[in-house]
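A short worksheet on the structure shown next.
The values are calculated or read from the model by the stated rules, or taken from the named source; none is laboratory data. Everything numeric here is computed off the predicted structure, so don't read it as measured data. Cβ placement follows ideal geometry from the backbone for every residue including glycine, while neighbour counts extend to all protein chains displayed. With ligands, DNA and RNA removed, areas are computed over all heavy atoms of the protein, side chains included. Shrake-Rupley method; radii C 1.70, N 1.55, O 1.52, S 1.80 Å.
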Amino acid sequence: LSNWLSFNNASSESLSRTWSKEIQRAKPERKITLLYLANDVIQQSRKKGNMYKDQMGKYLLPVYANLKQTVADESILEKAGRLCAIWQERNIYDASFISQLQAALAGSKHAAATGES
């Protein structure tokens, strides 16, 4: 699926929006799989112009806020937090944006309400 998304990078805006809607509607145990899908696509897109990095980045903050609200399993939240660390280590997103994602995951109302990225 990630290869298909990467191949269709001209549609990255609509596909990213659809991904956001689906991950927020998904059962808690499926959310991490969909987040891993986004991670794979985002990292692959770095080689092809960052289309998905930019498009999916628009939706990550509300997705992370949704994770905190809908997922009770701490191991899933820890895995989502680990993705933040990976994105920061690999300079995929800047430290400010990563901090916002981590705050949303921790349940900070300011981060989730402002939707800043």
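The table that follows gives values for the structure above.
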quantity	calculated
Reach of Lys31 by Cα under 23 Å, taken over lysines that are not fewer than 8 positions away in the same chain	Lys21, Lys53, Lys58, Lys68, Lys79, Lys109
Within segment 18-117, trypsin sites (Lys or Arg not before Pro) in DSSP loop having at most 13 other beta-carbon neighbours inside 10 Å	Arg90
Accessible carbon and sulfur surface of segment 32-89 relative to its total accessible area, %, 1.4 Å	49 percent
